Number of protein chains: 2
Amino acid sequence: MAKKQLIMEKALELFAKQGFEATSVQQITDHCGISKGAFYLSFKSKDELIVALIDHFMRQFTADIDFVVSDKNEEDLLYNFYYTAFQSFSKHSDFAKLLMKEPAQSFNEELFSKLHNYNKSLEKVILSMIERLYGDLSKDLKYDLSFCIKGFMSTYSELYLLYKTPIDMDLLSQSLVEKTNLLAKNMTITFIPDELIEIIDQPLIEDTSSEKIVEVIEKNIEDMEDSIEKESLILLKQELLEPALHPAIVKGLLSNIQHHPHCKWAAYLLRKHFEIK
Amino acid sequence: MAKKQLIMEKALELFAKQGFEATSVQQITDHCGISKGAFYLSFKSKDELIVALIDHFMRQFTADIDFVVSDKNEEDLLYNFYYTAFQSFSKHSDFAKLLMKEPAQSFNEELFSKLHNYNKSLEKVILSMIERLYGDLSKDLKYDLSFCIKGFMSTYSELYLLYKTPIDMDLLSQSLVEKTNLLAKNMTITFIPDELIEIIDQPLIEDTSSEKIVEVIEKNIEDMEDSIEKESLILLKQELLEPALHPAIVKGLLSNIQHHPHCKWAAYLLRKHFEIK
DNA sequence: TATAGTAGTGACTAAGCGGTCAATTGTCAA
DNA sequence: TTGACAATTGACCGCTTAGTCACTACTATA
């Protein structure tokens with residue numbers, strides 16, 4: 001639906017500039033050149049719009065990162081992780097600005113737990129990367145290391161989202177790789193023990209049940225034009241309901257949809273579900 | 001004045017829980033057990049209250065940190081820095097939560113530059129500490145190091161402000177000292193050069209070239225509906241390009257847009273430009 | 001061309017906001 | 001007890017907001 005996308009794009013521009021609360025529906029519709037009524041044909045409420053925006057971009061981001069981290073080659077893993085993350089921030093800088101302007105706590109309960117879950121997904125990805133890269137070396141220190149990685153990402157992205165200076169992303173990624181390696185290989189003091197993580201994890205809802213994935217896929221299928229990607233998605237949905245295909249076929253279907261911008265989240269969930277690395 | 005302090009305390013509790021915008025003056029006065037009118041005997045506006053809160057706590061925090069860093073003994077300097085910072089967060093956790101909930105950008109221009117200045121003060125203190133501790137070792141890397149330090153502080157404080165787990169502040173400080181030392185003594189890649197810092201320091205106060213202001217105004221005009229404010233902005237833009245109006249008229253036009261929620265920044269820049277107090 | 005049905009409009013409502021001020025209450029010296 | 005003044009109140013104002021809905025404009029088929 002083209003209207004929906006227009007509204008999301010134009011609204012995001014305003015949210016990035018002024019924040020969510022400070023932007024009225026009237027402003028959004030003016031900016032789109034449509035009437036207020038037309039807005040409510042596409043979204044039930046202003047809240048539904050922000051939820052849609054967050055889902056749209058966070059799914060893409062999480063899936064992008066996960067794809068990079070799933071790569072077999074460990075050589076440039078950390079570099080690729082940082083590079084992809086910052087490239088994604090840069091590509092969707094308006095959304096990144098929105099997230100910077102509106103910390104999770106300023107939204108309602110639903111959005112808070114949503115963002116919390118995305119954050120947990122990212123944490124999981126980072127932890128799996130740490131384990132692959134540093135193995136036992138990182139056993140007790142992995143949580144501290146992942147906190148440091150997230151800290152690096154947040155301060156350095158703030159730097160260039162706030163002051164629109166051109167960024168040498170290659171150099172930035174290299175410098176963060178160096179920092180991360182230094183910490184991973186030389187740190188000795190554990191501050192975040194397993195028990196603490198258990199407490200933090202508590203409120204997280206694990207919602208990767210097959211039904212949920214089918215839901216996501218069906219929404220995607222609706223929005224897609226006929227294509228190889230759509231066919232692949234339909235086949236994968238059937239496979240989810242009644243497993244029948246050879247793993248190699250499933251993997252092939254997954255790689256078909258991997259790079260379709262609207263399927264990244266579905267691909268991520270499916271990869272987890274079928275345990276394909 | 002005791003009333004003023006009561007209001008600040010009770011308001012901070014609500015701000016920490018709900019955020020500044022989401023807390024109404026009515027809620028604050030209810031929570032204090034006073035009337036709405038009484039609030040305005042102590043504060044001229046809701047904005048004056050948040051300014052008072054930020055000044056009160058930021059001055060304390062900056063002073064605390066500066067005191068520790070000014071200490072002659074270099075032995076435990078870094079440890080004391082982290083320990084004091086986290087102790088201060090912990091002691092004034094409601095204020096820390098408020099700052100977490102409300103990034104500088106969500107406030108008006110006065111508060112934004114206020115917070116920016118406090119941030120600069122903190123940066124200066126951190127940089128002087130780095131220079132004392134690591135001397136020439138840190139010459140090219142000092143800005144990167146200070147960014148890492150700020151990153152550590154923000155991620156780890158988020159950890160315990162969000163999840164109210166008891167924190168071993170001694171262990172936390174030790175672990176951050178270790179991380180900082182590792183980075184300071186082994187990092188080789190500079191990402192933030194002097195030039196970048198110059199750019200960052202620049203824009204806030206000195207960014208009053210007419211072209212820039214026109215840019216800001218034009219963006220505002222685009223997003224506004226027809227109104228007295230919009231007309232005023234358009235006239236002010238013309239005045240910026242070709243001065244023709246009487247100062248009194250300019251002042252009047254400025255006061256027209258002063259309180260429009262989306263013109264505050266433009267009003268600020270214009271006020272500076274026309275030197276109207 | 002007539003018609004049915006969808007897409008789009010914008011004046012409108014109710015609620016909530018920051019801020020004001022005439023009216024009320026409290027205080028204390030005379 | 002009185003009266004003058006200061007402190008305090010909360011109904012009220014003007015304004016903005018998210019959301020609604022009776023209406024109109026379009027479009028596609030018959």
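The values are calculated or read from the model by the stated rules, or taken from the named source; none is laboratory data. For clarity, every value in this text was computed on a predicted model and none was experimentally measured. Using ideal geometry, Cβ is built from the backbone for each residue, glycine included, and neighbour counts are taken over all protein chains shown. These accessible areas exclude ligands, DNA and RNA; they are computed on the full protein's heavy atoms, side chains included. Shrake-Rupley method; radii C 1.70, N 1.55, O 1.52, S 1.80 Å.
Summary of computed values
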read-out: Residue match in the range A:172-188 (condition: farther than 30 Å from residue A:18 by Cα, part of a loop (DSSP other than H, G, I, E, B) and more than 17 Å from the chain's Cα centre (by Cα)); value: yes
read-out: Breaking point among (1) more than 14 Å from chain A (Cβ to nearest Cβ); (2) farther than 21 Å from residue B:91 by Cα; (3) open to solvent by 20 Å² or more (accessible area, probe 1.4 Å), for residue B:22; value: (1)
read-out: Filter result (within 11 Å of another protein chain (Cβ to nearest Cβ) and open to solvent by less than 50 Å² (accessible area, probe 1.4 Å)) within the range A:10-19; value: A:14, A:16, A:18, A:19
read-out: Failed item, numbered, when residue A:7 is tested on (1) closer than 23 Å to residue A:107 by Cα; (2) open to solvent by 10 Å² or more (accessible area, probe 1.4 Å); (3) more than 10 Å from DNA strand D (Cβ to nearest atom); (4) in contact (Cβ under 8 Å) with a residue 12 or more places away in the chain; value: (2)
read-out: Among the candidates A:254, A:235, residue that is in a helix (DSSP H, G or I) and in contact with a Lys or Arg (Cβ under 9 Å, 6 or more places away or on another chain); value: A:254
read-out: Test result for residue A:79, away from DNA strand C (no atom under 16 Å from the Cβ), away from chain B (no Cβ under 13 Å) and surrounded by fewer than 20 Cβ atoms within 10 Å (Cβ to Cβ); value: no
read-out: Selection within the range A:29-39 - within 8 Å of DNA strand D (Cβ to nearest atom) and either touching a residue at least 12 places away in the same chain (Cβ under 8 Å) or closer than 11 Å to residue A:3 by Cα (or both); value: A:39
read-out: Answer residue from the range B:25-37, given it is more than 7 Å from DNA strand C (Cβ to nearest atom) and surrounded by 14 or more Cβ atoms within 10 Å (Cβ to Cβ) and is nearest to residue A:21 (Cα to Cα) among those; value: B:28
read-out: Residues located in the range A:160-177, provided they are closer than 14 Å to residue B:144 by Cα and either open to solvent by 10 Å² or more (accessible area, probe 1.4 Å) or more than 7 Å from chain B (Cβ to nearest Cβ) (or both); value: A:160, A:171, A:173, A:174, A:176, A:177
